[in-house]
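The values are calculated or read from the model by the stated rules, or taken from the named source; none is laboratory data. Predicted, not measured: the structure shown is a model, and the values here were computed from it. Ideal geometry is used to build each Cβ from the backbone, glycine not excepted, and the neighbour counts take in all protein chains shown. The protein model used for the area step is the full one, side chains on, heavy atoms only, and it has no ligands, DNA or RNA in it. Shrake-Rupley method; radii C 1.70, N 1.55, O 1.52, S 1.80 Å.
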Amino acid sequence: MNTNGYNPRATAATSATADALAMPEIVAAIAKHMHQTEHVATACLVSKAWHALWTPILWRDLDFDRKEDRLPHEFDRQGQWVRNLTFDMANDEHLALFAPHCRALQGLNLGACGITSENLMPYLKHLSPTLRWLELESYVIQAASLFPVLSTHLHGLEYVNFAFPSYKGPSVLHINALLDLLHNCPSLKEIELTRVNLVVEGEDVSNALMYLESSYHPQQQQPTNITMTTKKARLEFLTLESCILSDTALTTVLALTSNLKSLFIARVHSLSDTGIQAIPSLCPQISSLTLTSCPRLDPDTFSALFMNKRDLWRLRYVDLAKSNINDTALAILARDQGDFLEILTLERCQEITNAGVDAILRHCPRLESLSLNGLVQATTAGIMEGPQDRWACWQTLERLDLRRLGVVDLEFRFAEDDPRVATNKKAWGQIKHRVQLLPRLRKLAVGVFGVHAELLAGFGVQVRLHTLNLRGLAPAGIEGEELELFVANYPGLKRLILNQGRLSHCTEMIPTLARAGITVVDGESRLWQ
């Protein structure tokens, strides 16, 4: 009889369990479900075996505190495990602190970076065997000095994001340096360039057209100021934001990136119809297209871009915010791509009226997200009224942005007899009617100036919103017994987004809604999608 409490079978079972849990494969599977650093740190304390296995996971992703000029505790011993490092406002002194320990980074994110080229470039060269993604916003390093290093040494790169601060002006980059990067980094899937001046010496439209013809007919001579290879890049995502580039530069790059799936062009004032209309033939696999705030693109450019492209393109995502597209071009888009469109943003398109929106509603049965924010020439009466099936997407629509549409902006201290209040109440009623006809709607953005009571009443028990984005809520938010009414009339609500930037005034609303499981946040479209 065992009198000292020792049980051989139990001890053997415990040992077997411990051995199993110490297997790297088991730890890796568990790690996929542990998203909080505190939990990983606790796992390191379970046993010596787990400490050895979980320590690399604990240190894998490090966001360095820029306010500290010293390394985290035990960084000299554990920094070897860091694989993804984020460090804002780093300078040469900071680089000297972490570079000797972080020698096998896979990802490096340096925001507002003050590290000089003389110090950063040797470090990047050292990371060449392991580095896969690089994000750099630098006010010291120029694109012209960065890209040759990337293309010569970092052949395993998969993602590059280079941004230059607005106060410094665009960073000049010759197109050959970008083309070399595409050629020498075969794994590169995504490039984001912000405030970069992409130049081609002696460029003009004829040069672009000559290059395009030579890419299809190799026997023709290509431009002497562009060094090219016939090998196509594997790039799938390209972002050009606040850049300076001509039609020549754009078409030259696109001719080598026929595998593109997503093209994002925003706040580029130098492009014209010549470059934009070449996109479908050069990149037929694009399914996501963003063309926002490009003032030289007129309605005819958009009409030609979308006309008769059904057999060439299958666009699922289109963002034309702040563009010059009009009803005619929008109707062409609807008829040509309506069967494929799932997400469409028309925010602040000043030329669009009810007719253009109607074309979208009638020809896009797969739409999941639609933004009509700020369409000043459209009306809620013309858009919201009508039978349920007037909106072909009534069974699929999940996100709808109606801010600045119908419910007009008022001053926070408006008079109840202000005639605009009556107009807003009528528009709210039309919006409510349509919302009740959209069974899958989960995210709604809308103005609430002058419709406080109507907002509290909700949209009906059949409407189950997850996110509500409100423009024009009173500075103090919702208070007192009205809070209980609001919670009761919005079952299933999880997030409330306010745009006025006054959350500090909502002293009662935020904690009360939190207890009801509703998070209140201050933000715009980045929290919306």
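For this structure, a couple of remarks:
- Residues in the range 298-312 reached by a label modelled at residue 287 [backbone nitrogen below 18 Å; 7 Å Cα→Cβ]: 310-312
- Surface listing: 34, 89 arranged by accessible area from highest to lowest gives 89, 34, probe 1.4 Å.
- Based on the convex hull around the alpha carbon atoms, the range 90-198 presents an average projected area of 5.9 nm².
- Förster-model FRET efficiency, 30 Å R0, residue 466 and residue 33, C-beta, rounded to 0.05: 0.80
- Ranking by accessible area, most exposed first, for 510, 265 with a 1.4 Å probe: 510, 265
- Gain on full stretching of the segment that runs from residue 44 to residue 304 - 0.36 nm per residue minus C-alpha separation: 87.6 nm
- Excluding the site residues themselves, the longest part of the chain lacking any trypsin sites (Lys or Arg not before Pro) in a DSSP loop with at most 10 other Cβ atoms within 10 Å is 232-412.
- Cα centroid of the range 121-168 to Cα centroid of the range 319-390, whole Å: 40
- Spin-label pair residue 25/residue 481, simplified geometry with 7 Å Cα→Cβ offset, distance in nm: 6.4
- In order along the range 182-197, phi translates into HN-Hα couplings of 4, 6, 8, 10, x, 8, 5, 10, 9, 10, 10, 10, 10, 6, 10, 9 Hz, rounded to whole numbers, per the Karplus curve 6.51 cos²θ - 1.76 cosθ + 1.60 with θ = phi - 60° and x for Gly and Pro.
- Relative contact order (%) - the range 260-345, alpha-carbon pairs under 8 angstrom, separation at least six: 31
- Ordered by solvent-accessible area of protein heavy atoms (1.4 Å probe), largest first, the residues 368, 236 come out as 368, 236.
- Around the amide H of residue 267, modelled in the peptide plane, lie the amide H atoms of 242, 292, 293, 294, all under 5 Å away and 5 or more residues distant in sequence or on another chain.
- Charge dipole (debye, nearest 20) of the range 286-359; +1 at Cβ of Lys and Arg, -1 at Cβ of Asp and Glu: 200
- Accessible area of residue 159 (1.4 Å probe, protein heavy atoms only, ligands and nucleic acids ignored): about 40 Å².
- When you restrict to C-alpha pairs under 8 Å that are six or more residues apart and normalise by the size of the range 40-191, the relative contact order lands at 16 percent.
- Rounded to the nearest 20 debye, dipole of the chain from Cβ charges on Lys, Arg, Asp, Glu: 1260
- Computed FRET value (nearest 0.05) for residue 168 with residue 415, which takes r as the C-beta separation and R₀ as 60 Å: 0.80
- Förster radius 22 Å - calculated FRET efficiency between residue 91 and residue 61 (Cβ-Cβ, nearest 0.05): 0.50
- Each residue of the range 484-489 was assigned a 3J(HN,Hα) from its phi angle through the Karplus expression (A = 6.51, B = -1.76, C = 1.60, θ = phi - 60°), giving 4, 5, 4, 4, 5, 8 Hz with x at Gly and Pro.
- The relative contact order of the range 390-475 comes to 38 percent, based on Cα pairs under 8 Å that sit 6 or more residues apart.
- When shorter helices are ignored and each DSSP H run of at least 4 residues is given -39500 (n - 2.57), the per-residue value for the chain at 222 nm works out to -10000 deg cm²/dmol.
- Residues with amide H under 5 Å from that of residue 401, placed H, sequence gap 5 or more: 370, 371, 372, 445
- Cα centroid separation, the range 251-292 to the range 33-63 (Å): 44
- Using the Karplus relation 6.51 cos²θ - 1.76 cosθ + 1.60 with θ = phi - 60°, the per-residue 3J(HN,Hα) values for the range 117-125 come to 4, 4, 9, 6, 4, x, 5, 4, 4 Hz, with x marking Gly and Pro.
- The chain: proportion of alpha-carbon pairs further apart than 46 angstrom, %: 28
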